[in-house]
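Asks: Structure below; questions to follow.
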Amino acid sequence: MSRYARITRILAIAGVSGFVAFAGVYAAGARINTTKSIPLGLYWITDEQVNKNSYVIFCPPADPVFLEAKKRGYITTGFCDGELGYMMKKVLAAKGDSVSFEHEGVRVNGELLPLTARATTDKHGREMPTPQPEVQVLNDDELLVMSDVNPKSFDSRYFGVVNRKQIKSVITPVFNW
């Protein structure tokens, strides 16, 4: 066997082994966040209850706002309805919280959340969606999912609250960078 064939075989075995290891860790619950919506890093899927301040992974509904977001590249293609990709956000309001969407930002129980000002257009000049500005008190099925670290995140400031049924799991940070 030539040296080239041996190197090729070793690289192929290493590649397959790496893929199998990655698939095993993914199946066990590891998720890597590469977006700026929550801190970059490695997260682990848990069976914890969804609460205020939990990080969550969810399937966006296949409604016009999210389908347009996919076309614009705000969210990826994935395994959710409408071939939408999973999203990771932090729960900033839950049952009993009063939420209002205003141009200067999102208010929870009357308090303006930092980094939540809403852009009227994206970087290409396209109009951004706008949730209803009236105050709403969240029921048990509603969650406000947002970034608390990125003022440009595509989150509830544009699509409103999400239904608790959309949540796939609470995710816990293992290692952030």
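Values in this text are rule-based calculations from the coordinates and carry no lab data. A quick note: this is a predicted structure, and the numbers were derived from the prediction, not measured. Methodologically, a virtual Cβ is constructed for each residue, glycine included, from the backbone with ideal geometry; neighbour enumeration extends over all protein chains shown.
Asks: Where residues in the stretch 82-113 are among the acidic types (Asp, Glu) and exposed (fewer than 14 other Cβ atoms within 10 Å of the Cβ), which of them is nearest to the chain's Cα centre (by Cα)?
Replies: Filtering the stretch 82-113 for residues that are among the acidic types (Asp, Glu) and exposed (fewer than 14 other Cβ atoms within 10 Å of the Cβ), the one nearest to the chain's Cα centre (by Cα) comes out as Glu83.
Asks: Just wondering, is there one or more residues in the stretch 43-53 that are among the β-branched types (Val, Ile, Thr), over 22 Å from Arg157 (Cβ atoms), surrounded by fewer than 16 Cβ atoms within 10 Å (Cβ to Cβ) and out of contact with any helix residue (DSSP H, G or I) (no Cβ under 9 Å at 6 or more places or on another chain)?
Replies: yes
Asks: Which residues, taken from the stretch 61-93, are of a type in the set (Gly, Ala, Ser), closer than 27 Å to Thr172 by Cβ and not in a helix (DSSP H, G or I)?
Replies: Once the filter is applied, which keeps residues that are of a type in the set (Gly, Ala, Ser), closer than 27 Å to Thr172 by Cβ and not in a helix (DSSP H, G or I), the stretch 61-93 yields Gly78, Gly85, Ala93.
Asks: So for the stretch 38-46 (the condition being part of a strand (DSSP E or B), free of Cβ contacts under 8 Å to residues at least 40 places away in the same chain and over 25 Å from Gln132 (Cβ atoms)), does at least one residue qualify?
Replies: The answer is no; no qualifying residue exists.
Asks: Restricting the search to the stretch 138-152, which residues are in a loop (DSSP other than H, G, I, E, B) and under 22 Å from Asn163 (Cα atoms)?
Replies: Listed by number, the residues that qualify are Leu138, Asn139, Asp140, Asp141, Ser147, Asp148.
Asks: Going through Arg157, Arg164 one at a time, which residue ends up being touching a residue at least 60 places away in the same chain (Cβ under 8 Å), surrounded by 15 or more Cβ atoms within 10 Å (Cβ to Cβ) and among the basic types (Lys, Arg)? Break it down into steps so the answer makes sense when it comes.
Replies: Numbers: Arg157 fails: touching a residue at least 60 places away in the same chain (Cβ under 8 Å).
Matching residue, one of Arg157, Arg164: Arg164.
Asks: Among (1) without any contact (Cβ under 8 Å) to a residue 24 or more places away in the chain; (2) exposed (fewer than 11 other Cβ atoms within 10 Å of the Cβ), there is one condition Glu134 misses while meeting the rest; what is its number?
Replies: (1)
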